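Only one structure is covered here, and it is reproduced in the block below.
The values are calculated or read from the model by the stated rules, or taken from the named source; none is laboratory data. Source: prediction; values computed, not measured. No Cβ is skipped: glycine too gets one built from the backbone with ideal geometry, and neighbour counts run over all protein chains shown. Note: areas computed on protein heavy atoms with side chains; ligands, DNA, RNA excluded. Shrake-Rupley method; radii C 1.70, N 1.55, O 1.52, S 1.80 Å.
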Amino acid sequence: MAKLKTIISTLLILFSVPVFAQTLDTEALAKFSPSTQRDVFEVSGLVKLTPEQQVKLAKAIEKENAKFLNIVKDNEGVLTVKGRNQLAKMRENTLSTLLSDDQLQQYYRGVFDKEADAEGNAIANGLQKKYNLTDQNWKFIRVACYKIALESRVIKKMMADQPKKAQKKIADLRAEWLKTIEEKGGIAINPDDMTLTYTREFNPNTLHK
């Protein structure tokens with residue numbers, strides 16, 4: 001129960017914190033082009049970077065931009081799928097080298113936040129239509145499914161070279177968060193087939209959405 005309370009408290013903090021982590025260090029990046037500074041901002045908006053990290057990232061982005069021009073030039077002005085993948089790999093390698101594990105996780109949480117939010121809402125709304133959920137249970141489902149969707153994406157990205165371990169970690173995460181719904185709302189859900197079972201007596205006097 002203590003662990004459950006910690007999880008819920010963490011989520012309340014999570015939803016109250018803006019996605020953007022910091023502003024651009026314009027002094028440290030003064031010598032770089034506006035486009036490079038904008039690219040650095042897109043990253044530093046999701047994870048806090050030191051001025052030194054911002055400068056290193058800017059230098060890496062300049063190399064990416066040079067690679068981009070070469071790819072386009074060699075393909076008659078077209079950015080091929082292969083070229084796009086090469087550039088994406090360069091960025092991933094840069095971030096994995098430059099950022100700590102904690103920073104990298106925070107960055108990917110920012111990257112995947114909108115997708116996860118949409119998934120959490122879709123599951124909660126779908127179950128709401130089928131089962132006429134109470135307002136509280138809709139919230140419990142929405143929060144848990146958002147967190148599952150978000151952290152699953154982060155785990156897959158961070159552990160791409162360890163798919164079996166990633167799968168196990170995601171399964172544990174999923175079980176833990178689904179349990180919070182049952183503990184708080186007295187319902188067990190299966191997000192895959194969109195089904196719900198009451199695990200304790202339903203109170204018809206509870207407010208609905």
Exercise. For the stretch 69-82, which residues satisfy the criterion of being closer than 18 Å to SER35 by Cβ, part of a helix (DSSP H, G or I) and not charged (D, E, K, R)?
Worked result: LEU69, ASN70, ILE71, VAL72
For this session: Give me the pairs, please: first residue somewhere in the stretch 56-70 and open to solvent by 90 Å² or more (accessible area, probe 1.4 Å), second residue anywhere and in a helix (DSSP H, G or I), beta-carbon distance under 7 Å, and either six or more positions apart or on two chains.
Result: LYS56/LEU98
For this session: Enumerate the pairs (first residue in the stretch 96-110 and farther than 19 Å from ALA58 by Cα; second residue anywhere and open to solvent by 30 Å² or more (accessible area, probe 1.4 Å) and part of a loop (DSSP other than H, G, I, E, B)) with beta-carbon separation below 6 Å, excluding pairs fewer than 6 apart on the same chain, so at least 6 apart or on different chains.
Result: GLY110/VAL19
Exercise. If you check every pair at least six apart or on different chains, which have Cβ atoms under 7 Å apart with a residue in the stretch 157-184 that is in contact (Cβ under 8 Å) with a residue 40 or more places away in the chain and open to solvent by 60 Å² or more (accessible area, probe 1.4 Å) first and a residue that is part of a helix (DSSP H, G or I) and of a type in the set (A, V, I, L, M, F, W, C) second?
Worked result: GLU183/LEU4; LYS184/PHE140
Exercise. Do you know which residues across the stretch 71-95 are surrounded by 12 or more Cβ atoms within 10 Å (Cβ to Cβ) and of a type in the set (S, T, N, Q)?
Worked result: ASN75, THR80, GLN86, THR94
Problem set entry | Only one of ALA116, ALA144 that is touching a residue at least 12 places away in the same chain (Cβ under 8 Å), in contact with a helix residue (DSSP H, G or I) (Cβ under 7 Å, 6 or more places away or on another chain), over 30 Å from GLU201 (Cα atoms) and open to solvent by less than 30 Å² (accessible area, probe 1.4 Å) | ALA116
